[in-house]
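Nothing in this text is a laboratory measurement; each read-out follows from the coordinates by a stated rule. None of these values were measured; they are calculated from a predicted model. For neighbour counting, all protein chains shown are included, and Cβ atoms are generated from backbone atoms with ideal geometry for every residue, glycine included.
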């Protein structure tokens, strides 16, 4: 079946602009996660959604970052007033419904802020 | 708070030799532990996980990992390395008691297997 998809695959923007990154999880997966992978760094947890529960936003680095998940499926990560340090690969993952379930990752969106 | 340490940025091993990629963790409760691999130009893939039960967990591609509660470690191992195992490996932890779905990843260890 289809895996996790993300769009765009690449995004180049100018400092100060807003960007939206999209994630389509695997159908039927109730949990959705966003991570950031900076060059030479590990995966930094940003936020996760699980079913109808309030999202865990504890990893968002600043109030310029926000995410929403509509209808329990597609998610959008928005970065306002982008800064050069926001340049990274943004990864989305989804998993079924238990906290023991494996995460399936999308290919990522490479964001470059000039 | 959950945390994961992968003390080695890079591990070099000759093909056919055993390999170990180290991981230690810190959680307030009981851990769920995971290993993921990122091959060049490919997405992150699941390798194996420890949830409960046997401390030795077997996963994909001949990899295994041993959960050691007293040492808070979950080292990844393979008896005989292949050149194709060269990749970036991530250890990850969830706190069963408090963290739910929140998953913390280590910084990653790059494995080079030389022919």
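Tabulated data
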read-out: One residue from A:91, A:77 being part of a strand (DSSP E or B), under 25 Å from residue B:88 (Cα atoms) and within 13 Å of the chain's Cα centre (by Cα); value: A:91
read-out: Breaking point among (1) in contact (Cβ under 8 Å) with a residue 60 or more places away in the chain; (2) over 16 Å from the mean Cα position of the chain (by Cα); (3) within 18 Å of residue B:82 (Cα to Cα); (4) within 14 Å of chain A (Cβ to nearest Cβ), for residue B:40; value: (1)
read-out: Candidates B:34, B:101, B:90 - the one that is facing another protein chain (nearest Cβ under 9 Å), outside any strand (DSSP E or B), out of contact with any helix residue (DSSP H, G or I) (no Cβ under 8 Å at 6 or more places or on another chain) and on the phi < 0 side of the Ramachandran plot; value: B:101
read-out: Filter result for residue A:46 (within 14 Å of another protein chain (Cβ to nearest Cβ) and part of a strand (DSSP E or B)); value: yes
read-out: Filter result for the condition that a residue is surrounded by fewer than 12 Cβ atoms within 10 Å (Cβ to Cβ), within 14 Å of chain A (Cβ to nearest Cβ) and over 30 Å from residue A:4 (Cα atoms), over B:7, B:18; value: B:7
read-out: Region B:43-68, residues that are more than 13 Å from every other protein chain (Cβ to nearest Cβ) and touching a residue at least 12 places away in the same chain (Cβ under 8 Å); value: B:55, B:61, B:62, B:63, B:64, B:65, B:67, B:68
